[in-house]
Amino acid sequence: MTKLSSDLKNEHNFKIAYVHAMAFPNPEANTFDAIWTAAALSERVDTTFFIPMLNSPKLELRNYYEIPNESLLQIRSMYLNYLPDRVKSRYGRFYEQFLLLYFRFHPEWASFHGHKILYVREPKELLFWGFQRQQKKWLKDWIFCYEAHDHLGLDPKLFQGTNPNQLIDGPEKQRSAVVFQAASQFDLLICNTQALADDLRSFINNRVQIHFIRLASPLPRPTSPPKVCFGEKIVLGYIGTIDQLRGVNILLEAMRYLPQKYSLRLVGRLRQEKGMDPNWLDRYMKDPLIKDRVEVDNSLPIHDVAGQIDRCDILIQPASSDILDSKYVAPMKSYGYMRRAKPIVAADVPCHHEIYQDGGNAILYQLDPQGLADCIIKLVSHPELAERISRGAWEQGVDYNFPRRAEEILSLANTIVK
């Protein structure tokens, strides 16, 4: 245990309830980030991970998320999967109520006299717990922490040149007022991008501390950056959710502009997007210009992400023009890419500027297929540039780990109780 984490554990007696609203195990990326963060916190302070439903034995759950058996993380399920279907379909309404009673009366929590922390990350949890704290005096003694991945469930377009507090009377203004009121009951809001932290800071009560903490990756980091050596065939790689929101279609279009020696591996879960053609990927896979050079692996290789990355010569971090994806998102895959010290080609969008430096740890492309193809060819044509990018990613990736993230979270909690 480092001196910092030891000080955190001894100076203030913390007990953390990390509450997640999804059933587990679950292939959604946010469940991995959540349980890995909780596990890292548990190495420093008493931490319990609360979930509504557990669909497998706890040992299988730990294996699924690669949580070591010796991990101190406690996992508590409300086992709502045993309720009748007519009740289970509405479990969200009951889950928080069950937890409220649990925290109020269970001896483990009711008799604890240290600093109790509630840690949540879903907009509906923000609303429920924010208003419960406003109404119940005993919750005033807790530290409330919310991890924001978007504008608290509000439309991000409301924040573009408009103060949501000054909207014309109507449903949008009423909803934003309710959300901000609930958020004002929290002590800490942790954002994964600086842009999101800056936006939220302008609209929420000054009582709330709003901070930016980078995400992390569990992937091992090589002891030195691997040697970059391009062969006769170049394998491009994308490991993550496959959809158009993340600009994967631009990556596929770019294949039309690349010579035959380039192939593409898409590894991850195909997400069906509302309002989008569900067959968009099939059309690309039938296109004679690219179909023989594109491989799609939907097997969700959770336990071999590092291996999947290492099979590629160049990694692509795409994006779309969607405001959430281009300005506020911090893809977990970016941190894994850098931990594995690979040459990276990333979309030139505002949120990527927070982690990528053009020519330093990535080469940036404009949001068009030709521009992406040109950047890829440039990188292969200049091995010394690829080597520099690989080393830059390796050097920066040293801090992209969950122990660092846990220490930053606990350091912020420390400021609340001092």
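Let me have the relative contact order for region 91-190, percent, based on Cα pairs under 8 Å that are six or more residues apart. Display every interim value, and only then the final one.
On the way: 90 pairs, mean separation 31.7, N = 100.
Computed over region 91-190, the figure is 32 percent.
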Determine, from the Cβ-Cβ distance of Ser202 and Asn279 and an R0 of 35 Å, the FRET efficiency 1/(1 + (r/R0)^6), rounded to the nearest 0.05. 0.25
I need the semi-axes of the equivalent ellipsoid of region 223-298: take the C-alpha gyration tensor, multiply each eigenvalue by 5, square-root it, list largest first in whole angstrom. 24, 17, 9
If the label point is 7 Å along Cα→Cβ of Arg404, which residues in region 215-250 have backbone nitrogen under 14 Å from it? 215-222
Potential extension, Gln366-Leu100 segment - 0.36 nm per residue separation minus Cα distance: 90.9 nm
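Let me confirm the definition first: pairs of Lys residues in region 234-399, 8 or more apart or on different chains, C-alpha distance under 17 Å. How many are there? Walk me through the numbers before you get to the answer.
Details: Lys261/Lys291; Lys261/Lys378; Lys333/Lys342; Lys342/Lys378.
So the count works out to 4.
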Spread of Cα-to-Cα distances over 10 Å intervals beginning at zero, given as percent, for region 234-399: 11, 43, 39, 8, 0
Can you tell me the length gained on complete extension of the stretch Asp304 to Trp138, counting 0.36 nm per residue apart and subtracting the Cα distance? 55.2 nm
Just to be sure I understand: with springs between alpha-carbon atoms less than 10 Å apart, which residue in Gly170, Gly237, Gly268 has the highest mean-square fluctuation in the Gaussian network model of the chain? Gly170
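What FRET efficiency would be calculated for the residue pair Lys58, Lys124, taking the C-beta separation as r and a Förster radius of 25 Å, to the nearest 0.05?
On the way: r = 25 Å, r/R0 = 1.01.
Efficiency at R0 = 25 Å is approximately 0.50.
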Normalised by the number of residues in the chain, what is the relative contact order in percent for Cα pairs under 8 Å and 6+ residues apart? 15 percent
May I ask which residue of Gly392, Leu236, Cys375 lies farthest towards the positive end of the charge dipole of region 234-399, with charges of +1 (Lys, Arg) and -1 (Asp, Glu) on Cβ and the Cα centre as origin? Leu236
At q = 0.30, 0.32 Å⁻¹, base-10 log of I(q)/I(0) for region 207-252 (Debye sum, equal scatterers on each alpha carbon): -1.08, -1.13
Could you compute the net charge surrounding Ser263? Neighbours are other residues with a C-beta less than 15 Å from the C-beta of Ser263; K and R count +1, D and E count -1. +1
Please rank Val305, Val208, fewest neighbouring Cβ atoms within 10 Å first, as an exposure proxy. Val208, Val305
Just to be sure I understand: with springs between alpha-carbon atoms less than 10 Å apart, which residue in Phe128, Phe14, Phe186 has the highest mean-square fluctuation in the Gaussian network model of the chain? Phe128
Quick one: grab Rg to one decimal and Dmax as a whole number for the chain, Cα atoms only, in Å. 22.5, 68
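If contacts are Cα pairs under 8 angstrom and at least 6 residues apart, what is the relative contact order of region 234-399 in percent?
Numbers: 290 pairs, mean separation 40.4, N = 166.
So the answer I get is 24 percent.
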Lys and Arg at +1, Asp and Glu at -1: add these up for the other residues within a Cβ distance under 11 Å of Arg293 and post the number. +2
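Arranged by the count of other C-beta atoms within 10 angstrom, fewest first, what order do Cys375, Cys229 take? Working shown, then result.
On the way: Cys375 23, Cys229 9.
The fewest-first ordering by Cβ neighbours comes to Cys229, Cys375.
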So Ile377 and Ile416, fully extended at 0.36 nm per residue minus their Cα-Cα distance, gain in nm 9.0 nm
So what is the calculated 222 nm ellipticity per residue for the chain, using -39500 (n - 2.57) for each DSSP H run with n of 4 or more, over all residues, to the nearest 500 deg cm²/dmol? -11000 deg cm²/dmol
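Could you work out the local net charge near Ser321, counting Lys and Arg as +1, Asp and Glu as -1, over the other residues with Cβ closer than 11 Å to its Cβ?
Numbers: positive: Lys327; negative: Asp322, Asp325, Asp368.
Spelling it out: positives minus negatives among the neighbours equals -2.
Could you put Phe203, Phe144 in order, starting from the residue whose Cβ has the fewest other Cβ atoms within 10 Å? Could the numbers behind the result be given before it?
Values: Phe203 19, Phe144 24.
Placing the least packed residue first, the sequence is Phe203, Phe144.
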For the chain, size of Cβ-based charge dipole, Lys and Arg +1, Asp and Glu -1, in debye: 920 debye
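Based on the alpha-carbon gyration tensor of region 346-388 and its eigenvalue square roots a ≥ b ≥ c, which shape applies: rounded if a/c is under 1.5, prolate if not and a/b is larger than b/c, or oblate?
Working: a/c = 4.15, a/b = 1.18, b/c = 3.53.
Judged from the Cα gyration tensor, region 346-388 comes out oblate (a/c at least 1.5, b/c at or above a/b).
Any read-out appearing in this document is the output of simple, stated calculations on the displayed coordinates, not a laboratory observation. The model shown is predicted, which means the values in this text are computed figures rather than measured ones. Positions of Cβ are generated from backbone atoms using ideal geometry, with glycine treated the same way; all protein chains shown enter the neighbour counts.
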